[in-house]
Each structure stands twice: as C-alpha cells, then as structure tokens.
Amino acid sequence: MTEAPTTAARLGLLVCHTCGLLSRPSGAGHDLACARCGAGLHARKPDSISRAWALLLAAYVLYIPANVLPVMETGSMFGAQRDTIMSGVVYLWTSGSWPLALIIFIASIVVPGAKMAALTVLLVSVQRRSTWRPQERTRLYRVVELVGRWSMVDIYVAAILAALVQFKALATIQAGPGAIAFGAVVVLTMFAAESFDPRLIWDPVKESHG
Ligand SMILES: [Zn+2]
C-alpha cells in the first residue's frame, strides 16, 4: 500500500482560479471569496460534469449539420455549386491535391470527432468514479485542451476557400449554413473541455487509497 500524496483538498486548502492565491477558508460556506482578488473559491469547478455534458451534447447535435449542410456556396459561369466539407475534400482529392484534401479531412472531420469521443470517455469514466488509468486519462485531457487551442476554424475555412478558388476559378463565394454549424462545434467542444475539471479524475483514486 503506497502512502496517499498530500493534496490541497486534503489539507482543507483552496486555490483561487483567478490569481492563484492559496487560502484556508475558515467556514464551510458556499460563498467563499478569495482574500486577494475577491473571485469565488471552490475546490472543484462548479457543476463541471453537467456543464461539460450539456456543451458536449450540443456539439454532437451540431456535428450532423456541420457535415451534411453545405459549408460554402459558390457561383461561377458554370452555375452555382454547394459543397459540404466531405464533397470539398473529395473534390480536392480527385483533382490531385492530396495533401490539402488530407489536411482538411483530418482538421475538420477527424479531429473534432476524436475530441468529442475523448471528452465522452473522460466524462463517463469520471461519472462512474472509475480508478482506471488516471494518468493516461489526464494526458488525454491535456491533448484535448491543446488541440482546442490550435483548432483555428478560420484558417481551415480560408484554406478550403483558397484551394477551391484556385481550382475552379470561381466568381462568388458564400459561407453556407454548414460553416456556422462547424464553427459552433469547434467552440462548443472548446468550452466543454474548459468546463471539465481534470482533478475529478483523481478524486476516486485518492479515496481508494484511503
Ligand atoms: Zn484570487
């Protein structure tokens, strides 16, 4: 039996999420405030699991129109055309622009899907108070957070547009409703990851150590 490590929660200490000040609240009240900056104090992000679930479920729902509806509507002298993310990828692939097709496919279909799957695994395991591989799950969370910081929607959209303009010599380009849904998916998963408190992964582990 290994000795349980000392944690702030075990010592009755709280860290301010805003300024980082460590404080020892005297009472067990619900309206604790940081002595230095006045921000609310709590041992874990409030309603972390239900907030993250709500945002994640909304992202799942919007993932469908993001992939089914056209992300752009283009008009040229050959007539109007609507492209979904996938049809854009297929078009680029068949016209020989494999690297670009691959980048867009990974960035706009694989990565958001994998992020939502990872957040689902984290949320389900925390809800079931699982003690399974906490270190790996923490690492998974870090990757999801890192990816969120790097997924800049406008860059992908600009890449798709630039590529298609080059290929089709288009006259007019308009973002379709799918683009809005896609942007919402990216933002919602970012907020879901932000709402999730990774310390919840370690709470059941700590308890099982006694
Ligand atoms: Zn503070």
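The values are calculated or read from the model by the stated rules, or taken from the named source; none is laboratory data. As the structure is a computational prediction, the values presented were derived from the model and not from experiment. We place every Cβ from the backbone using ideal geometry, glycine too, and count neighbours over all the protein chains shown.
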*Quick check, is Leu164 in a loop (DSSP other than H, G, I, E, B), surrounded by 16 or more Cβ atoms within 10 Å (Cβ to Cβ) and at pLDDT below 70?*
no
*Is at least one residue of the stretch 31-45 away from the ligand (no atom under 16 Å from the Cβ), assigned to a loop (DSSP other than H, G, I, E, B) and either within 25 Å of the chain's Cα centre (by Cα) or of a type outside the set (Val, Ile, Thr) (or both)?*
yes
*Identify, please: which residue in the stretch 10-30 is closer than 18 Å to Phe196 by Cα and either assigned to a loop (DSSP other than H, G, I, E, B) or more than 13 Å from the ligand (Cβ to nearest atom) (or both) and is, among those, modelled with the lowest pLDDT?*
His17
*Please name all residue pairs, on different chains or six or more residues apart, with Cβ atoms under 7 Å, provided the first residue is in the stretch 31-60 and is surrounded by fewer than 15 Cβ atoms within 10 Å (Cβ to Cβ) and the second residue is of a type outside the set (A, V, I, L, M, F, W, C) and not in a strand (DSSP E or B).*
Cys37/Thr18; Ala39/His17; Ala39/Thr18; Arg44/Asp197; Arg44/Arg199
*Just name the residue that is modelled with the lowest pLDDT out of those in the stretch 40-83 that are closer than 17 Å to Ile104 by Cβ, touching a Pro at 6+ places or on another chain (Cβ under 9 Å) and of a type in the set (A, V, I, L, M, F, W, C).*
Val71
